[in-house]
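The values are calculated or read from the model by the stated rules, or taken from the named source; none is laboratory data. Keep in mind it's a predicted model, so treat the numbers as computed, not measured. Don't worry about glycine lacking a Cβ; one is built from the backbone with ideal geometry, like all the others, and counts go over all protein chains shown.
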Amino acid sequence: MKLTGVELRRIEMPLVAPFRTSFGTTTVREVLLVRAVTPGAEGWGECVADASPLYSSEYVDGCADVLRRFLVPAIAARPDLRPDGVAAVLAPVKGHRMAKAAIEAAMLDAQLRLDGVSLAGRLGAVRDRVPCGVSVGIMDSLPELLDAVDGYLDEGYLRIKLKIEPGWDVEPVRAVRERFGDDVLLQVDANAAYTLADARQLARLDEFDLLLVEQPLAAGDLRRHAELARLIRTPVCLDESIESVEDAADAIMLGACSIVNIKPGRVGGYLEAVRIHELCRAHDVPVWCGGMLETGIGRAANVALAALPGFSLPGDTSGSNRYYAADLTEPFVLRDGHLDVPTGPGLGVAPLPHRLEEVTVDTEWIRF
């Protein structure tokens with residue numbers, strides 16, 4: 001596949017409501033889009049880094065810089081490069097997985113459009129629709145939380161995830177269980193807000209029959225996660241701790257988790273995400289697809305990934321209207337708690353030109 005150029009496009013997408021987690025509140029999603037252009041097709045990738053390095057060390061400005069100065073030039077030096085070789089070519093650049101994932105996704109989209117193959121087919125999807133959960137941010141009050149959960153259940157979401165932090169954990173979970181009953185699939189996400197000293201507090205969540213507690217401790221601390229997993233009954237799921245298939249293997253071997261959240265941007269791309277899926281499946285470890293407030297570009301790719309056989313839990317692949325009044329692509333619409341897997345070549349979706357123009361704040365072309 002010969003690339004003729006790469007576009008770095010900055011957009012700003014206002015959220016329908018503020019989204020608060022233990023590391024901050026987002027009201028506008030600043031997104032870096034990567035467009036790979038070939039003589040016969042173009043492909044899109046979405047960089048999931050936040051504006052600030054709070055969820056991870058990556059951030060939008062840094063991703064644009066490393067793409068401009070290092071990643072795109074490395075790809076330009078290999079005019080015969082196919083998407084499955086991108087990771088190896090970019091390996092000398094340490095870290096920057098979200099930036100790498102974005103350029104790999106754009107090249108994968110372009111190649112698959114040329115080949116007339118869907119991303120879902122390329123990754124190994126076995127379903128034509130995927131079950132969907134929704135992530136509920138930290139609220140100012142329990143009544144506000146209960147109203148939000150009520151609305152999402154009315155929309156048909158099959159699983160509720162509550163963001164938690166010290167001081168907002170047991171009581172919100174109790175309130176949701178008491179209001180909506182034990183049949184609701186319920187899990188919590190701490191975004192690394194706790195320490196092992198909080199094990200007794202986290203153990204108080206055991207009575208609520210949660211699917212899992214996600215990333216309770218610091219990202220790099222597999223040993224303490226393994227210790228915590230022995231102290232509580234609720235299954236421990238890792239998110240920020242898993243950046244590669246090697247990380248997943250270590251976590252499983254140490255007993256640091258029994259469930260894995262796979263976010264393609266966090267692990268360096270969709271092809272690495274598939275490798276983690278295969279590893280977890282071989283060890284009977286359930287996986288699910290996490291979300292990063294993606295536009296329709298990232299959402300289309302996540303839905304394709306979530307259609308693989310090992311994704312046995314509903315992911316954060318919510319409908320477009322969960323986050324955006326108007327998405328960047330044709331909206332993904334929840335039907336009976338599921339989203340349809342795109343079947344067209346590549347991602348199966350593309351930005352709507354008028355919407356792309358409305359939200360664009362900057363563009364930069366890198367020509368080969």
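Points to keep in mind about this one:
- Residue pairs whose Cβ atoms lie under 7 Å apart, separated by 6 or more positions or on different chains, with the first residue in segment 147-161 and over 11 Å from L185 (Cα atoms) and the second at pLDDT 95 or above and assigned to a helix (DSSP H, G or I), are V149/V176; V149/F180.
- Taken together, the residues in segment 258-305 that are in contact (Cβ under 8 Å) with a residue 12 or more places away in the chain and either assigned to a helix (DSSP H, G or I) or in contact with a His (Cβ under 8 Å, 6 or more places away or on another chain) (or both) amount to 28.
Residue by residue, here is whether (1) within 29 Å of G5 (Cα to Cα); (2) touching a Leu at 6+ places or on another chain (Cβ under 7 Å); (3) buried (at least 19 other Cβ atoms within 10 Å of the Cβ); (4) in contact (Cβ under 8 Å) with a residue 12 or more places away in the chain holds:
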{"site": "V86", "(1), (2), (3), (4)": "yes, no, yes, yes"}
{"site": "L90", "(1), (2), (3), (4)": "yes, yes, yes, yes"}
{"site": "A101", "(1), (2), (3), (4)": "yes, no, yes, yes"}
{"site": "A106", "(1), (2), (3), (4)": "yes, no, yes, yes"}
{"site": "D109", "(1), (2), (3), (4)": "yes, yes, yes, yes"}
{"site": "V130", "(1), (2), (3), (4)": "no, yes, yes, yes"}
{"site": "V134", "(1), (2), (3), (4)": "no, no, yes, yes"}
{"site": "D140", "(1), (2), (3), (4)": "no, no, no, no"}
{"site": "L145", "(1), (2), (3), (4)": "no, no, yes, yes"}
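- Residue in segment 325-348 that is surrounded by the most Cβ atoms within 10 Å (Cβ to Cβ), counting only those that are more than 18 Å from the chain's Cα centre (by Cα) and not in a loop (DSSP other than H, G, I, E, B): G346
- Hits in segment 9-60 (condition: in contact with a Ser or Thr (Cβ under 7 Å, 6 or more places away or on another chain) and either free of Cβ contacts under 8 Å to residues at least 12 places away in the same chain or assigned by TED's automatic domain parsing to the domain that holds S318 (or both)): Y59
- R29 vs. criteria of a type in the set (K, R), under 20 Å from W365 (Cβ atoms) and at pLDDT 95 or above: no
- Residue under evaluation T317, criteria (1) in a loop (DSSP other than H, G, I, E, B); (2) crowded, with 23+ Cβ neighbours inside 10 Å; (3) modelled with pLDDT of 95 or more, criterion not met: (3)
- Within segment 147-187, being exposed (fewer than 14 other Cβ atoms within 10 Å of the Cβ), touching a helix residue (DSSP H, G or I) at 6+ places or on another chain (Cβ under 9 Å) and outside any helix (DSSP H, G or I) holds for P166, D182.
- Taking segment 242-272 as the range and being of a type in the set (S, T, Y) and surrounded by fewer than 21 Cβ atoms within 10 Å (Cβ to Cβ) as the test, the residues that pass are S244, S258.
- Any hit, segment 288-297, residues being touching a Leu at 6+ places or on another chain (Cβ under 8 Å), surrounded by fewer than 24 Cβ atoms within 10 Å (Cβ to Cβ) and farther than 27 Å from D250 by Cα: yes
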